[in-house]
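Participant: If you scroll down you'll find the structure; I have some questions about it.
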Amino acid sequence: MRRVVRVLLGVIAVALLVAFAALVVFTGSPLGRERVRQIGLDAVRSVLKGEIDVERLEGNLLDRFSLVNVSIADEQGRPFLAAERMNVRLAIAPLFSKRIVITQLELFGPVITMARRADGTWNFSHIFPTADTARADTTLGFGSWVELREVRVENGTLVVHQPFPTDESMSRAARDSAIAAALAGETRVRVERTPSGLRQTMDFREINARIPRLVVAHPDSEAIALRVARLSMRATPFRAPDLAVHDLRGDVRIGEDTIALRDVALRLPDSRLAGTITYHVSAGDVDVDVEGDTIAFADLRALYPPLPERGGGRLHLRAAVRSTGTNEVNVTNLRLGVDDARIEGRLGVTGDA
């Protein structure tokens, strides 16, 4: 994902340099904006294995401008990115040292669809075929240093598709039974048949966020790093119940296959927690190490549905939630209650996904 963002922001930077060099007097005019739109689209299409479209540009290209109805799809027309509007304010001076600094970025209605294929590759690696060679190039250029400030996301969506994994150590009859159970909705994973095979889906909707600073690319790092000041969403990595996140704050690090949240303060409808959460994208697994002094069982049923809808208390939770295999939940510093029943101490629970 980091390389994809670098390409997209690099395109914006090239368009801005062209605008500055050749279209300065027209940047506030429809003619100048349309010319830059065509130049930018042509530049991207020359390296893209797919299709990109921007319906129109608005605003002053050397100050604050908007990209309206942005879309990127693969060669078969399957969507990767769609956004109703992107408002951008880009610092011009850093471009001349090949640094991209966006001082303001607002995304309205963005929808990202990440699809993993049977061979283990992701859709974006096919859409942007130069991604695999970018890492071997040690020359610093556009995309080597990318910083975003004052990022705001409004009503965003992330959808993750991947082939439904099966345990090859199981007998054929056992595998067929597991597949039938998943298709029938008898397991937590969301599985459906597609022309290319069985597909598992996870989605994260109603994403609203404010990010004061986001480092997309840096010569000394391969990860995206950001500080989240505010984030809310409805997460559906498995079947209902969903996880309703009212507010999340903390440090986020996005690697090639993991999203790690450190020093996180998490507020659910009736719970307050702090700690670490790691999402393994390819496997669809979640590791949790959080402590909560205010816990409601109803909020945690998204991780472990057998929990009652009433009651709560406090605890220190360590959980390994797997899309397939065995889930493990360990609780210490425990003081919980349901109606007149009370429990204190520690406990451990294991169960199939």
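Participant: Checking Glu309 against (1) touching a helix residue (DSSP H, G or I) at 6+ places or on another chain (Cβ under 8 Å); (2) in a strand (DSSP E or B), which test does it fail?
Facilitator: Failing condition for Glu309: (2).
Participant: Continuing with the same structure: How many of the residues making up segment 208-225 are among the hydrophobic types (A, V, I, L, M, F, W, C) and without any contact (Cβ under 8 Å) to a residue 60 or more places away in the chain?
Facilitator: Number satisfying all stated conditions: 2.
Participant: Could you pull out the residue among Ala43, Ala73, Ala15, Ala19 that is hydrophobic (A, V, I, L, M, F, W, C) and either under 20 Å from Val215 (Cα atoms) or modelled with pLDDT of 75 or more (or both)? Give the steps one after another, and end with the answer.
Facilitator: Working: Ala43 fails: either under 20 Å from Val215 (Cα atoms) or modelled with pLDDT of 75 or more (or both); Ala15 fails: either under 20 Å from Val215 (Cα atoms) or modelled with pLDDT of 75 or more (or both); Ala19 fails: either under 20 Å from Val215 (Cα atoms) or modelled with pLDDT of 75 or more (or both).
After ruling out the rest, the residue left standing is Ala73.
Participant: So, one more: Considering only residues that are buried (at least 16 other Cβ atoms within 10 Å of the Cβ) and among the aromatic types (Phe, Trp, Tyr), which ones fall in segment 42-100?
Facilitator: Those that are buried (at least 16 other Cβ atoms within 10 Å of the Cβ) and among the aromatic types (Phe, Trp, Tyr): Phe65, Phe80.
Participant: Scan segment 148-203 for residues that are over 30 Å from Arg89 (Cβ atoms), β-branched (Val, Ile, Thr), in contact (Cβ under 8 Å) with a residue 12 or more places away in the chain and in a strand (DSSP E or B) and jot them down.
Facilitator: Within segment 148-203, Val160, Val191, Thr201 qualify.
Participant: Based on what the data block shows, is Asp251 part of a helix (DSSP H, G or I) and exposed (fewer than 15 other Cβ atoms within 10 Å of the Cβ)? It would help to see each step written out before you state the result.
Facilitator: On the way: part of a helix (DSSP H, G or I): no; exposed (fewer than 15 other Cβ atoms within 10 Å of the Cβ): yes.
So Asp251 fails the test.
Participant: Give the residues of segment 261-284 that are in contact with a Ser or Thr (Cβ under 6 Å, 6 or more places away or on another chain) and of a type in the set (D, E, K, R), sorted by residue number.
Facilitator: The answer is Arg262, Arg272.
The values are calculated or read from the model by the stated rules, or taken from the named source; none is laboratory data. Because the structure is predicted, anything quoted here is derived from the model rather than measured. Neighbour counts run over all protein chains shown; Cβ positions are idealised from the backbone, glycine included.
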